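Trainee: If you scroll down you'll find the structure; I have some questions about it.
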Amino acid sequence: MKTHPHCTDEELKKILDSQTNPRAHQDWLIIYSVQKNPGREADEFAAFLCVNKYKVLRVIQSYNKLGVEWRSGAQWGGRREAVCVLTLEDEAQVLKGFEGKAAKGGVLIYKEVKEAVEQKVGREVSDDYVWDMFSRHGWTKKVPRQSHPKGSEQEREDFKKNSRRNWNPSR
């Protein structure tokens, strides 16, 4: 295992010493160790530096491919693009088309809203995006009532007392 000569040992040592982030320091230490000791296996470096063998391989591969600037775009996991599908104003405009129906007491169907968003964007969006959009604009999920508003609590209790406990279907 060896590194491409993107910089000298002294330059690499300066970069290593200037690191304040512990993970960046560890990555540059891996590169420095490999450059100073060419020909050894990744397992040896991993054991000596207390890291995983695959981390050694990944760091060296990135350094060999991109050079000294290899760590400037290094992000592992998470959202790599902070791109929104629609702006807040565009989302509000889409939801405004459904406010009238919701205000009249109509049932707002999630799929219709999703289709409207997809039509505006021009591509498919995830289910989570639509629910997050509802949350961003203060829309909440309303559920049906447990009982009818004109129903009598006394009649319900009487029904429960007088009904059979088990239902056996006729054969």
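Here, each number is a calculation from the coordinates, and none is a lab measurement. This structure is a prediction, so every number in the text was calculated from the model and none was measured. Reconstructed Cβ throughout: ideal geometry from the backbone, glycine too, with neighbour counts over all protein chains shown.
Trainee: Go through region 125-142 and report how many residues are touching an Asp or Glu at 6+ places or on another chain (Cβ under 6 Å) and farther than 13 Å from Val94 by Cα.
Mentor: 1
Trainee: How many residues does region 123-171 contain that are of a type in the set (D, E, K, R), surrounded by 10 or more Cβ atoms within 10 Å (Cβ to Cβ) and over 30 Å from Glu112 (Cα atoms)?
Mentor: 3
Trainee: Let me ask something else. If only one of Ile31, Ile60, Ile109, Ile15 is closer than 30 Å to Val130 by Cα and aliphatic (A, V, I, L, M), which one is it?
Mentor: Ile109
Trainee: Working only within region 37-56, note down all residues that are more than 23 Å from Ser72 (Cα to Cα) and either surrounded by fewer than 17 Cβ atoms within 10 Å (Cβ to Cβ) or β-branched (Val, Ile, Thr) (or both).
Mentor: Result: Asn37, Pro38, Gly39, Arg40, Glu41, Asp43, Glu44, Ala47, Phe48, Cys50.
Trainee: State yes or no: is Lys96 loosely packed, with under 10 Cβ neighbours inside 10 Å and either in a helix (DSSP H, G or I) or small (Gly, Ala, Ser) (or both)?
Mentor: In short, no.
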